[in-house]
1. Suppose the filter is crowded, with 16+ Cβ neighbours inside 10 Å, touching a strand residue (DSSP E or B) at 6+ places or on another chain (Cβ under 7 Å) and of a type in the set (S, T, N, Q); does THR158 pass it?
2. From SER400, SER446, which residue is within 25 Å of the chain's Cα centre (by Cα), of a type in the set (Gly, Ala, Ser) and modelled with pLDDT of 95 or more?
3. Determine whether ARG164 is over 24 Å from GLY273 (Cα atoms), under 24 Å from the mean Cα position of the chain (by Cα) and more than 15 Å from the ligand (Cβ to nearest atom).
4. In region 321-336, what count of residues is obtained for those that are within 16 Å of the ligand (Cβ to nearest atom) and in a loop (DSSP other than H, G, I, E, B)?
5. Scan region 227-238 and give yes if some residue there is within 16 Å of the ligand (Cβ to nearest atom) and assigned to a loop (DSSP other than H, G, I, E, B), otherwise no.
6. Look at region 458-468 and say how many of its residues are crowded, with 23+ Cβ neighbours inside 10 Å and either within 13 Å of ASP444 (Cα to Cα) or of a type outside the set (A, V, I, L, M) (or both).
7. Given the conditions (1) surrounded by fewer than 14 Cβ atoms within 10 Å (Cβ to Cβ); (2) on the phi < 0 side of the Ramachandran plot, which single one is not true for GLY232?
Amino acid sequence: MRIPLDRQSETPLYKQIKIYLQQGILSGSLVADTRLPASRQLAQDLGVNRITVENAYAELESEGLVFSKLGSGTYVLAPDPLLSLPRNTSDAPWPLWQQSVLAQDKITRTKLSDSKRDVARHPALISFASGIGDANLFPAEDIRKAVQAVMRRDGIATLDYGERNGYGPLRASIAHILGSQGIQTQPENILITAGSQQALSLVSQLLLNPGDVILVESPTYAGALDLFHALGFKVVGIPVDAQGMQVEGLEKLLQQHHPRLIYTIPNFHNPTGTCLTTPRRRQLLVLADRYNIPIIEDDFVGDLRYEGHTQPALKALDPGGGVIYISTFSKMLMPGLRVGFIAADGPVYDSLVNFKRIHDVATSALVQRALEAYVTVGRYQTHLRRSCQIFRKRRDVMVSSIQRYLPTGVRFDPPQGGLFIWLQLPPELSSEELLPLAREEGVDFSPGIAFFPEGIPGSRWLRLNFVAQTPNQIEEGMKRLGKAIKRLISARK
Ligand SMILES: Cc1ncc(COP(=O)(O)O)c(C=O)c1O
């Protein structure tokens, strides 16, 4: 145990030891039944006389904070609740630098997207707020077996940092998967990241400085907006319609704002669920090339298509080096693996590899190897096919339940894939006003405000995740949402 002692202080050493332990016990960081170090050991560790430690322990015992068991040692007693110290009090304010953290607004935007925080404690809340699949469908058992198998096969290599750009065979598998989707790339152009959030963070930090402008779809993924805000970028939004980003207005924005980067989600866009049409994809590439602006293509759920034709990836249409493609296993498999990747050509690739090393050294070698083992035995493709069947059914149930239980006046376009339905409420209604009523009824969703760069309150939009709940829960959830909307309408009359 390391106890800071001030040998110049007028407070005797035994008292300093006692006060330190007392604070630990009262604040709860030393829990009941913790065995304190033997007095001889602690005296040796601290370079003090054994009597000094014994005096400290005796005083703690006389105050009822510890007890000693003969021949066994000294143990912490559960403290009297009346004596407990609050974690922070006005008598002991946080250091000034901590207070200035509170004053900074780097992470204030995250409050908009953090809708879990004040979820009312409805006993059987049905949530459509999350951004991931149904945890009950995660292939947990397969991944457990894969972890065990690679540990047996590769031994300590699974516990090393591994290659800088990621585990070679996994990069090869990813290049192969991308190749089958028309994106010609090599394992040497793939960089494994800790989820695609890290990919987004690395690319944008490498290419932009605080104060630079980044162009995004409006609305867009709230986690990207939170990140760009925290990094001090100016975010300019370009509207989205049923065909994706309204590229027709892009050139004007490029001339007006001189962005340094364009961030886009062309497939099953988060939150609107739309896909960018192929002509617009081509137009976007032409303009980005003309104005010399890199594009991040975030293909977070590109493989979750339930019907319709796939459009070529921007990266597949790019003649070379203009598009940085990012994707993830979080949505198509499971988020806790924290494996995403970047596919990039040209000098930016090496810079990203080095930048990644500076930021977190490496992504877990064990997880990468297990994932590679899982992917190569074909289980990933089987899992994807199964997920698509299940998710398509859930989408259909949500579409029909919305039509059945929600009042006329709500608007949405059924998506052909992905995770989300983007719903517009009847005129005059705001999704933030609806949220508390919905939670009272036992249903949760993501209000639209979090997805707009401007974050202007009063949005009529809300995002519903249609993959995370079973068909019965979806139907019940839409009934509840319908009730909540009707309550809001009558409250407004
Ligand atoms: C569009 C989009 N991109 C990226 C991410 C980041 O996911 P992860 O870091 O788990 O790969 C998310 C997560 O919700 C997302 O919706």
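1. Values: crowded, with 16+ Cβ neighbours inside 10 Å: yes; touching a strand residue (DSSP E or B) at 6+ places or on another chain (Cβ under 7 Å): no; of a type in the set (S, T, N, Q): yes.
No.
2. Being within 25 Å of the chain's Cα centre (by Cα), of a type in the set (Gly, Ala, Ser) and modelled with pLDDT of 95 or more holds for just one of SER400, SER446, which is SER446.
3. So ARG164 fits the description; yes.
4. Taking region 321-336 first, the residues within 16 Å of the ligand (Cβ to nearest atom) are 323-336.
Checking the rest, the ones that are also in a loop (DSSP other than H, G, I, E, B) come to 329-334.
Counting residues in region 321-336 that are within 16 Å of the ligand (Cβ to nearest atom) and in a loop (DSSP other than H, G, I, E, B) gives 6.
5. For region 227-238, residues within 16 Å of the ligand (Cβ to nearest atom) and assigned to a loop (DSSP other than H, G, I, E, B): present.
6. Kept after step one, since they are crowded, with 23+ Cβ neighbours inside 10 Å, are these residues of region 458-468: 462-468.
Add one more test, that the residue is either within 13 Å of ASP444 (Cα to Cα) or of a type outside the set (A, V, I, L, M) (or both), and what stays is 462-466, 468.
Total satisfying the criteria: 6.
7. So GLY232 meets the others, but not (2).
Matching residues to (1) within 16 Å of the ligand (Cβ to nearest atom); (2) at pLDDT below 95; (3) surrounded by fewer than 22 Cβ atoms within 10 Å (Cβ to Cβ); (4) not aliphatic (A, V, I, L, M):
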position	(1), (2), (3), (4)
THR277	no, no, yes, yes
ARG305	yes, no, yes, yes
HIS309	no, yes, yes, yes
PRO312	no, no, yes, yes
PRO319	no, yes, yes, yes
ARG338	yes, no, yes, yes
ILE342	yes, no, no, no
HIS359	yes, no, yes, yes
ALA362	no, no, yes, no
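The values are calculated or read from the model by the stated rules, or taken from the named source; none is laboratory data. Nothing here was measured: the structure is a model prediction, and the numbers come from that model. Because the Cβ atoms are built from the backbone with ideal geometry, glycine has one as well, and the counts that use them run over all protein chains shown.
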